[in-house]
């Protein structure tokens, strides 16, 4: 089994430490995006979209700025992940008909839902400038971070 580029353990520990010192929600979200992107390639951009009613709202990011700050459920990869209630790993975004790009340079994307039991709180959306940037090991590592975040929000 391949080892992930992303090491979730130090991110989860940093999240827990910040939570224990009563860090505000926004700080927790920004900590996740910053530390995940620090893993380096394939993590070009890390975006945290949180669910507000029937749309996802960008609340924190690290990487290229984006104009995509709100996404309707069912729209694009991010909106589809929530509508279908499942994580999505897109190895080549150019083949997705309704793809909404945070950046024109993005080649692949991984969306992992942040869930507390059956409730979807939001998602971690990761863009990569390489095709097929995310394998199963990366998905598992991102899932660990998403699960930790879900328990602390």
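Read-outs throughout are calculated quantities, based only on the coordinates presented, and are distinct from any laboratory measurement. Note that the structure is predicted; figures quoted are calculated from it, not measured. As a convention, Cβ positions derive from the backbone with ideal geometry for all residues, glycine included, and neighbour counts pool all protein chains shown.
Some observations on this one:
- From the coordinates shown, mean projected area of the Cα convex hull in nm² corresponds to which of (i) 8.3; (ii) 10.9; (iii) 13.7: (i)
- A Förster radius of 35 Å, combined with the Cβ-Cβ distance separating residue 67 from residue 13, puts the computed FRET efficiency at roughly 0.55.
- Separation of region 27-86 and region 5-22, taken as the distance between their Cα centroids, equals 18 angstrom.
- Taking region 1-115 and dividing mean pair separation by its residue count, relative contact order in percent (alpha carbons under 8 Å, at least six apart): 16
- Protection proxy ranking, highest mean first, for peptides 79-89, 21-31: 79-89, 21-31, where packing is the per-residue count of other beta-carbon atoms within 10 Å, averaged.
- Projected label distance in nm at residue 55 and residue 98, using a 7 Å step from Cα toward the beta-carbon: 1.6
- Peptides 32-45, 53-66 ordered by packing proxy, namely the average of other Cβ atoms within 10 Å per residue, highest first: 32-45, 53-66.
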